[in-house]
Amino acid sequence: MARKSNTRAAQGSGSIRQRADGTWEARYCVGKDPGTGKQVRKSVYGKTQKEVREKLAQAVAALDNGDYFEPSKMTFAQWLDIWTAEYMGDKKYLTVKHYKAQVETHIKPSLGAVKLSQLQPHTIQQFYNGLLKNGLSAKSVRNIHGITTKALSTAVSVGYLRNNPADRVTLPRVEKKEIHPLTDEQVKDFLQIATGDEYEIILKVILFTGLRESEAIGLTWDCIDFQNGTVKVCKQLQKRPLADGGFAFAPLKNDKTRILKVAPSIMALLKRRQAEQVEQRFIAGDLWAGWQNEKERKTALVFTTATGGNLSPQTVYNHYKKVATKIGAPDSRVHDLRHTYAVLSLQNGDDIKTVQGNLGHATAAFTLDVYGHVSERMKDDSAARMEAYINAI
């Protein structure tokens with residue numbers, strides 16, 4: 001039989017009583033409601049009188065020190081819905097899409113039912129460990145951790161959490177993937193086999209400028225300076241679902257415009273592309289969907305289909321794969337042309353800062369991390385330079 005309710009004064013401010021079910025409750029005042037002027041009372045609960053007395057003492061001490069915190073009653077899923085709907089204004093389209101997909105696929109199914117205030121580091125740690133056991137890569141787990149951390153950091157900043165439990169977990173180590181640039185022999189073969197292909201020019205431009213595929217597809221004629229031999233990279237063309245507008249220009253990955261000083265032979269290819277596009281317009285006639293006059297032409301896409309439409313990344317990929325297979329690199333991707341450009345630049349004496357700027361990396365440290373390995377040819381060149389110095393002494 002449950003013990004009779006019992007109310008007594010607690011030490012300090014507040015009161016403690018035993019409830020009809022045998023548990024204990026402590027009530028205390030946290031201030032006055034600014035609208036009604038009435039006192040606002042809160043409760044803490046426990047299995048024993050000692051437990052609730054300790055909780056009450058902690059709450060009263062926090063009030064006295066001005067450090068009182070009211071835990072949120074919403075679940076993590078409820079907060080994630082608010083966060084993805086209201087706090088993504090500073091994120092790019094693809095970032096928002098990625099965050100929402102990870103939230104719905106991984107985070108909410110595992111942690112969504114947990115109350116925000118009860119989310120503990122070990123709960124999050126178990127979640128990450130489970131993802132690894134289910135086959136997700138360490139890199140994917142770290143990406144999910146980044147999203148979880150950002151969501152909880154915002155909850156802290158708006159006052160729903162005192163601190164971020166995701167800050168106190170251990171993350172899996174990521175094994176750095178080996179890059180696969182084309183060899184000198186494959187580059188030579190590539191130049192021969194790609195010649196005459198419908199997508200020859202864009203593939204060669206990517207190889208010898210290091211442009212990302214989306215940057216090359218989004219290149220417009222106003223960004224080509226034939227007189228000074230430069231290419232301005234200031235945007236990319238992204239493929240989006242038709243419901244979201246289809247293909248659309250978007251900011252660069254790091255929002256930083258860069259000006260490339262391009263090899264004269266590549267500028268000659270772009271000049272050839274300019275004449276080729278005029279010819280395509282003439283042949284297409286009424287089917288031409290690109291620029292219609294000289295004014296429009298100045299800001300039109302450099303690389304288009306035979307009827308003036310924008311290129312599809314999948315089509316560029318398909319053309320590259322045909323060439324890659326013929327040169328003995330069937331697993332190579334379009335992005336590996338960018339890697340090849342970086343390695344060729346370093347092998348031919350470009351300093352890491354120049355390569356960083358040309359690739360559009362945020363820092364030279366990142367460029368070093370990706371391309372820090374030294375090829376055998378670079379080692380040989382280094383040894384030869386040292387030998388020349390020794391002999392000159």
Practice problem: Determine if segment 178-190 includes at least one residue that is surrounded by 12 or more Cβ atoms within 10 Å (Cβ to Cβ), among the charged types (D, E, K, R) and under 22 Å from the mean Cα position of the chain (by Cα). | Solution: no
Quiz item: Just for helices (runs of 4 or more DSSP H) wholly inside segment 290-393: which have at least 3 residues that are modelled with pLDDT of 90 or more and among the β-branched types (Val, Ile, Thr)?
Solution: 313-326
Practice problem: For residues that are over 15 Å from residue 75 (Cα atoms) and more than 22 Å from the chain's Cα centre (by Cα), scanning just segment 158-167, find the one that is most open to solvent (accessible area, probe 1.4 Å). | Solution: 162
Quiz item: Among (1) part of a helix (DSSP H, G or I); (2) under 27 Å from residue 356 (Cβ atoms); (3) open to solvent by 40 Å² or more (accessible area, probe 1.4 Å), which single condition is residue 276 missing?
Solution: (2)
Quiz item: With respect to residue 293, is the statement that it is under 20 Å from residue 273 (Cα atoms), open to solvent by 30 Å² or more (accessible area, probe 1.4 Å) and not β-branched (Val, Ile, Thr) true?
Solution: yes
Quiz prompt | Residue satisfying all of: in segment 196-212; in contact with a helix residue (DSSP H, G or I) (Cβ under 9 Å, 6 or more places away or on another chain), assigned to a loop (DSSP other than H, G, I, E, B) and not hydrophobic (A, V, I, L, M, F, W, C); nearest to residue 253 (Cα to Cα) among these | solution = 212
Quiz item: If you go through segment 306-316 one residue at a time, do you hit one that is of a type outside the set (S, T, N, Q) and open to solvent by 70 Å² or more (accessible area, probe 1.4 Å)?
Solution: no
Exercise. Return the only residue of 331, 336 being acidic (Asp, Glu) and buried (at least 16 other Cβ atoms within 10 Å of the Cβ).
Key: 336
Exercise. Could you list all residues from segment 341-392 that are of a type in the set (A, V, I, L, M, F, W, C) and open to solvent by less than 40 Å² (accessible area, probe 1.4 Å)?
Key: 342, 343, 344, 346, 355, 359, 364, 370
Practice problem: Could you grab me the full set of residues in segment 283-339 that are among the charged types (D, E, K, R) and closer than 30 Å to residue 371 by Cβ? | Solution: 321, 322, 326, 331, 333, 336, 338
Self-check item: Elements of type helices (runs of 4 or more DSSP H) in segment 28-124, at least 2 residues being more than 26 Å from the chain's Cα centre (by Cα) and exposed (fewer than 14 other Cβ atoms within 10 Å of the Cβ)
Solution: 49-65
Practice problem: Taking the residues in segment 215-263 that are assigned to a strand (DSSP E or B) and among the polar types (S, T, N, Q) as candidates, determine which candidate is least open to solvent (accessible area, probe 1.4 Å). | Solution: 220
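The values are calculated or read from the model by the stated rules, or taken from the named source; none is laboratory data. Keep in mind it's a predicted model, so treat the numbers as computed, not measured. Note: ideal-geometry Cβ built from the backbone for every residue, glycine included; neighbour counts use all protein chains shown. The area values use the complete protein model at the heavy-atom level, side chains included, leaving out ligands, DNA and RNA. Shrake-Rupley method; radii C 1.70, N 1.55, O 1.52, S 1.80 Å.
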